[in-house]
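The structure under discussion appears below in the form of structure tokens.
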Amino acid sequence: MTAPFNVAELVEDQARRRATARALTEPAGAGWRSVTCGELWTRIEREHAALARAGLRAGDRVSVFVKPSLDWVVLIYALFRLGAQPVLIDPAMGRAGVLRCVERIAPRGFIGIPLACALKLVFPRAFRSVEVSIVHGALPLGGRTIGSLRRSEDPVPPMARTNESDPAAILFTSGSTGPAKGVPYTHGMFRAQVAALRELYSMHEGDVDVACFAPFALFGPALGLSTVLPEIDFSHPACANPASVVRALSEHRAVQCFGSPAIWRRVAPWARERGLVLEHLERLMIAGAPVHPPLIEQCLAFLGPRGDVHTPYGATEALPVSSMNGRAVLAEHRARTESGWGNCVGVPTSSVTARVIRITDEPIAAWSDALCVGRGEAGELVVRGPQVTREYEQEPEHTAAAKIRDGASVWHRMGDVVREDEAGRLWFQGRKSHRVETSAGPLYPVAIENVFNTHAAVRRSALVGLGARGAQEPVLVVELVDASRASDALGAEILAHGRRLPAGEPVRRVLFHSSFPVDVRHNAKIDRPALARWAQEQRR
């Protein structure tokens, strides 16, 4: 039996205890606008009343297509308070992907900016389940606006009586390593995530956090952080203006910040050119793709002596799983990283149990300890814990492929190949689906790429396999620091550089690519399947 709990209670608690403390700040022209914890909760209550007036009710699934902002945070928590389930789909996956996701989830409610409303009008089939539509913006397009539904004189409905095990939201994966899937979250899972993050990073109420990744703007109010939304396009982090990010960090004297590697690849050189050091920034969290030692080194250069880089590891289905600090990576683990061990992602959090099992692409119906491999051996990481989701929404085949039943609990298969070292630290080798199956055995991309990436001419590399599994030819695709240097001679030099790998000479062919395709959410994960298709075409 689970206990009564609604994730919105965490924000209500902050409003009660810290009513005048700053909760959220966002850009407003040349300046900023802020709300206190008390003001934020009042807005959430009024938004709840407006949503109820529109006809939304507890248990409803509501597709939300609103850009990350103060209003977006208010809306999401109002839906939690109502007992409805916000459905969050990444618009960066493209029109076809978005429409497929909406049709599969069949929401009863829809709240969107005018552009999303236009999509709904043009493609009504995907939205045929929608009974309640609300426009979030100035143009009604034939529908009601959220602004017209807000009335300060109306009584505020009571918070929905939900339990820890009740559904709270459906968050879609990005679809960068497979089809986008809906991940159901319960109210208890959100609470477990908040507790794990607070413990993992020793976060304190009142700490100023700059959220360069939209979900952290939702965690902030629950954690009691003073959250700042910088002036960036959250759907395209690789296009972030470094000046805007640094302005948010500097003007608010941020203690922590979370963002994609794509952002920090822009900010780090910008800060170096100007000799900037952000003494107040203690925790710079980078996640969304493997974070390599050179980027850690570049970011540490603009932090003060108390600052460190942290690399949280997890997924939409399980977050956080572990974390590693950058100073330790450089001082203790860099040599292993750059000699083929992979990326150290740290020891699992106290609330997560992790195991490494033998690699297979087949579903595993039930848990057995016999699935586990020995310490130091490569295998697939599986995890369980209160912040680990139990299924995919209306996706029985994907649920069967990714979940292992163990009595009343469920192990989630991360789909990542890792090794566990002598201290229990996990070393990320690459995605299981990206492994290259040669006649001599499997090769794991990230572990091998780390070696080649130490060559001065290589900006980044991607190992792909051509041909049938079991007899694939491993090919290294390279993006150069200076594309004009591409030549057969440089390719031979890069191959020779890789002979330091423990496996000897597993790669014997190099192809040069001008600009790697990346994932839509973080703009940082290399799209290896797309590169494999491109490499295959080069053989013709």
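Any read-out appearing in this document is the output of simple, stated calculations on the displayed coordinates, not a laboratory observation. Here the structure is a predicted model, which means the values were calculated and not measured. Methodologically, a virtual Cβ is constructed for each residue, glycine included, from the backbone with ideal geometry; neighbour enumeration extends over all protein chains shown.
As a rough guide to protection, the peptides 380-388, 272-280 ranked by mean Cβ packing within 10 Å, highest first, stand as 380-388, 272-280.
Distance check, please: which entries in K67/K432; K67/K403; K181/K432; K120/K403 exceed 29 angstrom between their Cα atoms?
Values: K67/K432 33 Å; K67/K403 32 Å; K181/K432 18 Å; K120/K403 34 Å.
Violating the 29 Å limit, Cα to Cα: K67/K432; K67/K403; K120/K403.
What you get for segment 435-538, charging only the Cβ of Lys and Arg (+1) and of Asp and Glu (-1), is a dipole of about 220 debye around the Cα centre. Taking Cα centre as origin and charging only the Cβ of basic (Lys, Arg, +1) and acidic (Asp, Glu, -1) residues, the dipole magnitude of the chain rounds to 740 debye.
What fraction of the DSSP beta bridges in segment 347-453 is antiparallel, stated in percent and rounded to the nearest 5? Walk me through the numbers before you get to the answer.
On the way: 22 of 23 bridges.
Here the share of antiparallel DSSP bridges comes out near 95 percent.
Segment 1-68 and segment 405-467 have Cα centres spaced 40 Å apart.
On alpha-carbon atoms, Rg over Rh for the chain using Kirkwood Rh?
Working: Rg = 23.6 Å, Rh = 24.4 Å.
So for the chain, dividing Rg by the Kirkwood Rh gives 0.97.
Nearest 500 deg cm²/dmol is fine: what mean residue ellipticity at 222 nm does the chain get from its DSSP H runs of n ≥ 4 alone, each adding -39,500 (n - 2.57), divided by its residue count?
Details: 15 runs with 157 residues, N = 540.
Value at 222 nm, helices only, nearest 500: -8500 deg cm²/dmol.
Residue ranges 304-310, 234-240, 424-430 sort as 424-430, 234-240, 304-310 when ordered by packing (mean number of other C-beta atoms within 10 Å per residue, highest first). With distances taken between every two different alpha-carbon atoms, segment 170-246 has a Kirkwood hydrodynamic radius of 14.2 Å. Computed over the Cα atoms of segment 230-430, pair by distinct pair, the Kirkwood hydrodynamic radius stands at 18.3 angstrom. Working value for segment 435-538: equivalent-ellipsoid semi-axes of 19, 18, 13 Å, each the square root of 5 times a Cα gyration tensor eigenvalue, largest first. Expressed as a fraction of 2.2 N^0.38 Å, the C-alpha radius of gyration for segment 75-163 is 1.17.
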